[in-house]
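A quick write-up on the structure given underneath.
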Amino acid sequence: MNWKTFFAMLGRDAHVARRNAIQLFMQTFLQPLLFVFIFGKVMVGSGYMPEAYKSLLLPGIIAISMTFTGVWAVAMPLIAEFQWTREIEDRLLAPISNGWIAIEKVIAGMLQALVAGLVVIPLAWLVLGRGVEISMGTPLTFAVIIALVAAFSACGGLALGCSMDQQHIGLMFSLVMTPMIFFGCTYYPWSALQKFPILQKAVLINPLVYASEGMRATLAPQFSHLPVTAVILALVFFDILLLMVGLRQFEKKAVT
C-alpha cells in the first residue's frame, strides 16, 4: 500500500472541495433548510404542526444532508471522470491498486458528509429558533451512528457513480434519491407508518430509514424510534454491501 499516493489523492480531493465550497454549500444545505423553514417555521408558527415537530424534524434533516452530500461528492465526479473528462485515467496510472483509489473516493465523500452533518445542526437550529429540544445524551453512540451514515452515503455514491451512465443522471435522482428521501422516515418517525403495515415493512430496505431513526434515537430520544442496536447493525450491513457493489463496479469500469 502506497500511503503517500493515497494521501496525495485525498489532499487533491480536499483542495477541489475547498475550491467549490460555495457551490457545495448551496447544493447541500439549500433544499434541507428550505424544508426546515417551511415545515418547522411556517407550518409550526401557523399552528398547523405542533411545536414538538421541530425536534422531530431536525434529525431527519441531518440524515438527508449527509446522504445527499456523500452521494453527490462521490457519484458525480466518478460519472464525469469515467465518461467524459477521463480524468480517472491519471489516477489509474498511479502506483496504487484500483481498489484503494475507490476507497480514497469513499473516504473523501465520508469527510464531506460528516462536515455537512455537523454544519447543518447549528444552521437548522438558527432557522427553527426556540422550541427545539435535542440533546446528545450518549456522544459515543452519536459518533458511531454519524460515522456509519457518512459511510453509507459515500459507499452509495460509489455504487451509483460506477453503475449509472451520464444520460441516466436524472433518473438517479427521480427514481432513486427522491423515493429514498420520502420513504426514509426523515420527516416522520418509522412508527408513524403503523397504519400502513406493508409499507412499514417495505421501507426497511431503505438505508436512509436507519440513518434517520439513528439520528432521532441519539438526538431526540423522546420520540419513538427503532432500537439503536438494530440501527447500527443495519447500517453496518448496508455499508459493507454498498462498498462491495461499488468496488466491483469500479473495477469493471477501470478495466474497460
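The values are calculated or read from the model by the stated rules, or taken from the named source; none is laboratory data. As the structure is a computational prediction, the values presented were derived from the model and not from experiment. No Cβ is skipped: glycine too gets one built from the backbone with ideal geometry, and neighbour counts run over all protein chains shown. In case anyone asks, the SASA skips ligands and DNA or RNA and just uses the protein heavy atoms, side chains included. Shrake-Rupley method; radii C 1.70, N 1.55, O 1.52, S 1.80 Å.
General remarks:
- Theoretical ellipticity at 222 nm over the chain - DSSP helices of four or more residues, -39500 (n - 2.57) apiece, nearest 500: -23000 deg cm²/dmol
- Extension gain, HIS15-LEU199: 0.36 nm per intervening residue step, less the Cα-Cα distance, totals 61.9 nm.
- If R0 is taken as 45 Å, the Cβ-Cβ distance between ARG130 and ALA8 corresponds to a FRET efficiency of 0.45.
- Carbon-plus-sulfur accessible fraction, the chain (probe radius 1.4 Å, protein heavy atoms only): 71%.
- Bridging of LYS105 to lysines at a Cα separation below 22 Å is possible for LYS4, LYS252, LYS253, once same-chain residues fewer than 8 apart are set aside.
- Karplus-derived 3J(HN,Hα), 6.51/-1.76/1.60, for each residue of the range 143-148, Hz, glycine and proline x: 5, 5, 5, 5, 5, 5
- Sorting the segments 232-241, 203-212 by their residues' average number of neighbouring beta-carbon atoms within 10 angstrom, most packed first, yields 203-212, 232-241.
- Inter-probe distance in nm under a simple model that places probes 7 Å from Cα toward Cβ, at PHE183 and SER46: 2.9
- In sequence order, calculated HN-Hα J values of the range 68-82 (Karplus, 6.51, -1.76, 1.60; Hz; x Gly/Pro): 4, 5, x, 5, 5, 5, 9, 5, 5, x, 5, 4, 5, 5, 7
- Probe 1.4 Å, protein heavy atoms only - accessible area per residue of the chain in square angstrom: 48
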